[in-house]
Amino acid sequence: MENITISKIASPESVKQVGLIRLNRPKQLNALSPELMVELGQSLLQLDADEEVGCIIITGNDKAFAAGADIGVMANYGFADVYKQDYITKNWETIQKVRKPVIAAVAGFALGGGCELAMMCDFIIAANNAKFGQPEIKLGIIPGAGGTQRLTRFIGKAKAMEMILTGRMMSADEAERLGLVCRVVALEELLSESLKTAFLIAGNGLLAVMAAKEAVNKSFETSLAEGVMFERRLFHALFATQDQKEGMLAFVEKRAAKFSDS
Ligand code: DAK
């Protein structure tokens, strides 16, 4: 792949591996070209299907997670082009199909589509130099990959409206204060801390991990009562798994559980 590197990281403490996807167009600050998005979609589906992988990380480099969709490509399009092609919609939604957890490890710029991509991951760990923003307004457009919806759900209307109408950037600390990111770490520790978290997840039983992800995501789509009922059914269903037997027996026997994802 030309715009992405993909690797699997092992740890002596973990049976499962972590899939690491690195966006790799450093000269363009990882601008998300259509080619890159195709490769990202393929990489995500490949790691999601890989039984050795328990968690996925998407990252960029120290200067940029991604500075948005490729403006050079977009600049040449008119309404008829983007509407007829349903411009880049297909590749952007692949990440929503991934059932394993996906962590965004963000350093530097996460702007426009870069911020939207990070928000489509399950959670964001930010380096202290991370900068988040939806600057599309300065290009005469608005966010197109869910920014007006997800940012508003994450940080509330007042802040989202201000960010989207001004196009200003938000620091990592502000993003943490507002709940956009789960944690801020030193830049040089971004990958190691993200891997530590990913291995904690990968060490849990995959069935419960996937069910938990599904249940949390459901909370954005349903009423509270329906969401709680959905959770209850998944909770009940997990009692049909070997991992529930093993997890609880291991606790009683005061030993580490050995999950079999069954
Ligand atoms: N696209 C293309 N090239 C970009 C880029 C981008 N988004 N961002 C940066 N670059 C390129 C620059 O052109 C420059 O290239 P050269 O001139 O060296 O060839 C190189 O990266 C370094 O950038 P700068 O020289 O500008 O670096 P600075 O440190 O001075 O400034 C910056 C960094 C991030 C503040 C600045 O580059 C900047 O403002 N970049 C644009 C940020 C932006 O406006 N992003 C939003 C783009 S709109 C959709 C899905 C997604 C989207 C829409 C629809 N659907 C599913 C329908 C997304 C839309 C967007 O993201």
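Looking only at the range 43-59, which residues are under 15 Å from the mean Cα position of the chain (by Cα) and more than 10 Å from Ile21 (Cβ to Cβ)? Break it down into steps so the answer makes sense when it comes.
At the first step, the residues of the range 43-59 found to be under 15 Å from the mean Cα position of the chain (by Cα) are 43-45, 47-48, 54-59.
Leu45, Asp48, Gly54, Cys55, listed by residue number.
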- Filter the range 123-144 down to residues that are away from the ligand (no atom under 16 Å from the Cβ) and surrounded by fewer than 20 Cβ atoms within 10 Å (Cβ to Cβ) and give me whichever is nearest to Phe199 (Cα to Cα). Phe123
- Task: Considering every residue within the range 77-99, establish whether at least one is at pLDDT 95 or above and among the small types (Gly, Ala, Ser).
- Result: no
- Message: Any residue that is hydrophobic (A, V, I, L, M, F, W, C), within 30 Å of Ile71 (Cα to Cα) and touching a helix residue (DSSP H, G or I) at 6+ places or on another chain (Cβ under 7 Å) - is there at least one of those in the range 210-223?
- Response: no
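The values are calculated or read from the model by the stated rules, or taken from the named source; none is laboratory data. Remember, predicted model here, so these are calculated numbers, not experimental data. Every residue, glycine among them, receives a Cβ derived from its backbone with ideal geometry; neighbour counts consider all protein chains shown.
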